[in-house]
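Data first, discussion second: the structure below is written as structure tokens.
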Amino acid sequence: MIRVAFFALMLSCGLGSLTPAALACPTTRPDGDIIVSLRDNAEPFSFFENGDAPAGFAYDLWRRVERSLSVPDEIGRSVAPKVTFVACNTIDGQELGLVTGRIDVVIAPLTITAERMLSYDFSQQYLSSGLALALPPSNAIDFSQAKDIVVETVFHPTVARAVVLFLSFNLLMAFLIRWLLFGGQDGQATRASIWLRSLLESIIRTIGLRGVGDGYSTATAKVLEIFLAVVGTALSATLLGVLTSAFVGSVGGQQKVPALALTRMSIATLDCSTAQALLLTEYRKRLDEAERGSDLAAALSTRIEQLICRPEDPERNDITVDDHPLLDGSVTLVSSWRAAANLLADGEVDGVLGDWIALTYLSRQDTHENQIAVQPNVYRNEPYGWGISRASVSEDLRRQIDRALIQQMRNRNWRERLEDVLGTGSVSPN
């Protein structure tokens, strides 16, 4: 009775109808003007609360977009659409629904790729993520990462210009002080030697190897040198802050793992995702390097065949690709990023290859805090959009969705909304 009342309340409020998450991808088109699909356990984009109530960032965004949509009724008047939400927990199942027209829009995260656009359309891109690797955390200092942080900070165009101007000003002040106060006390020294001596002493004072008031007796000189020391101290503090941040940021860091090295690790990834496609590409590269006709080449060919996504079987359970003694690594295909993170936290896999935003979000949750560490570098940028069926969605409705999405992204609170859900710094990966 409680559940029946809940659905009645939703319908009376104009929230649209809902297919419970326990149901699989629809085999026939449900009733409704717009059939919207989302995946469970695709946090923070989409999930079901209490088993049947859709939630998540993508769901909230769709609700805002939906207010701007209209469809023609029986006599051609524009009316608000009746939206039906369906659970479809596999990417290949969602894609099959889009191709057949049983699903109109997929709002669970889908990467816009040229291959996918051959079969169905995409909305305006609304977010950028990337494919990243999550590993067990480490307490060691990754000096390579610390070096990268220092280099990226110091050689950033804005920082580099500020440092050069700061150093130049400080050096000029030191030179003028030395020249004006001591230039006439150098006896028979040549002009060149006076310039050289002034320059060397100004460098020594700039980098702090000579103390305040050292060699200066007049009050004016001491005041000027105090000013010089303050400027130098500020510069030293800034550089020390950069170094400290670099080492703190590199605690627990891991060495960057090349993409081809993923084929020699035990990896969990989402079934039929772009992460699985990346693994497939790297295994094919490894096959190209193997001796033709060898046992290793045969093992790699079998692994490649196992990694090919098959949309005709959209409800596969989590599977582990068959291990082979000649292959160092293995692959476990799962139905959600949370399931992959659980495998990593339990030590059953070496790493998780997946969506940077989703893995970063999970790493911040209490259930996985201090259990997984997402690497800062990404293997591939991932533009996100909503999948839109060509078989069942009119061109006018697709344009309406695009316009409404763009309007939401132009909202001055757009970035704040993103970070409220995804976390600070999660708008775009490095």
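For segment 23-69, the tally of residues that are over 20 Å from LEU98 (Cα atoms) and part of a loop (DSSP other than H, G, I, E, B) stands at 9. Just so you know, in segment 280-305 the residues that are free of Cβ contacts under 8 Å to residues at least 24 places away in the same chain and under 27 Å from GLU95 (Cα atoms) include one that is surrounded by the fewest Cβ atoms within 10 Å (Cβ to Cβ), and it is GLU305.
Against the test of being at pLDDT below 90, touching a strand residue (DSSP E or B) at 6+ places or on another chain (Cβ under 8 Å) and not hydroxyl-bearing (Ser, Thr, Tyr), the options GLY232, GLY252 yield a single qualifying residue, GLY252.
Scanning segment 350-364 for residues that are buried (at least 24 other Cβ atoms within 10 Å of the Cβ), part of a helix (DSSP H, G or I) and of a type outside the set (Phe, Trp, Tyr) gives ILE357, ALA358, LEU359, LEU362. Looking only at residues in segment 399-426 that are exposed (fewer than 11 other Cβ atoms within 10 Å of the Cβ) and polar (S, T, N, Q), the one that is modelled with the lowest pLDDT is THR424.
Would you confirm, using the coordinates I've provided, whether THR332 is modelled with pLDDT of 85 or more, among the hydroxyl-bearing types (Ser, Thr, Tyr), out of contact with any His (no Cβ under 8 Å at 6 or more places or on another chain) and over 19 Å from TYR59 (Cβ atoms)? So THR332 passes the test.
Residues are listed down the side, and each one gets a yes or a no for (1) at pLDDT below 95; (2) hydrophobic (A, V, I, L, M, F, W, C); (3) part of a strand (DSSP E or B):
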| position | (1), (2), (3) |
| --- | --- |
| ASN89 | yes, no, no |
| GLY93 | yes, no, no |
| GLY97 | yes, no, no |
| VAL106 | no, yes, yes |
| PRO109 | yes, no, yes |
| GLN124 | yes, no, no |
| SER129 | yes, no, yes |
| ASN139 | yes, no, no |
| SER144 | yes, no, no |
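Among the criteria (1) loosely packed, with under 14 Cβ neighbours inside 10 Å; (2) modelled with pLDDT of 85 or more; (3) within 17 Å of ALA340 (Cβ to Cβ), the one ALA277 does not fulfil is (1). On the stretch given as segment 326-343, residues that are under 27 Å from ALA24 (Cβ atoms), of a type outside the set (Gly, Ala, Ser) and either touching a residue at least 40 places away in the same chain (Cβ under 8 Å) or crowded, with 23+ Cβ neighbours inside 10 Å (or both) total 7.
Of all the criteria given as (1) among the polar types (S, T, N, Q); (2) in the same structural domain as ALA290 (by TED's automatic domain parsing); (3) surrounded by 14 or more Cβ atoms within 10 Å (Cβ to Cβ), the one not satisfied by SER389 is (2). Among residues of segment 1-55 being surrounded by 14 or more Cβ atoms within 10 Å (Cβ to Cβ) and β-branched (Val, Ile, Thr), the one that is modelled with the lowest pLDDT is THR19.
Scan segment 372-389 residue by residue and report those that are in a strand (DSSP E or B) and either more than 24 Å from ILE401 (Cα to Cα) or in contact with a Lys or Arg (Cβ under 9 Å, 6 or more places away or on another chain) (or both). Give the derivation first.
Filtering segment 372-389 down to residues in a strand (DSSP E or B) leaves 373-374, 380-388.
Answer for segment 372-389, where residues must be in a strand (DSSP E or B) and either more than 24 Å from ILE401 (Cα to Cα) or in contact with a Lys or Arg (Cβ under 9 Å, 6 or more places away or on another chain) (or both): ALA373, VAL374, ARG380, GLY387, ILE388.
Checked against (1) out of contact with any helix residue (DSSP H, G or I) (no Cβ under 8 Å at 6 or more places or on another chain); (2) part of a helix (DSSP H, G or I); (3) modelled with pLDDT of 65 or more, ALA341 passes all but condition (1).
For segment 288-303, what are the residues that are part of a loop (DSSP other than H, G, I, E, B) and farther than 19 Å from MET265 by Cβ?
Of everything in segment 288-303, those that are part of a loop (DSSP other than H, G, I, E, B) and farther than 19 Å from MET265 by Cβ turn out to be GLU291, ARG292, GLY293, SER294.
All of (1) in contact with a Cys (Cβ under 6 Å, 6 or more places away or on another chain); (2) modelled with pLDDT of 90 or more; (3) in a helix (DSSP H, G or I); (4) not β-branched (Val, Ile, Thr) hold for GLU115 with one exception: (1). What do you reckon, is PRO81 modelled with pLDDT of 90 or more and either within 21 Å of LEU405 (Cβ to Cβ) or assigned by TED's automatic domain parsing to the domain that holds ARG415 (or both)? Against the criterion (modelled with pLDDT of 90 or more and either within 21 Å of LEU405 (Cβ to Cβ) or assigned by TED's automatic domain parsing to the domain that holds ARG415 (or both)), PRO81 qualifies. In segment 39-55 there is at least one residue matching the filter, namely being among the hydroxyl-bearing types (Ser, Thr, Tyr) and in contact with a helix residue (DSSP H, G or I) (Cβ under 9 Å, 6 or more places away or on another chain).
The values are calculated or read from the model by the stated rules, or taken from the named source; none is laboratory data. Remember, predicted model here, so these are calculated numbers, not experimental data. All Cβ positions, glycine included, derive from the backbone under ideal geometry; neighbour counts span all protein chains shown.
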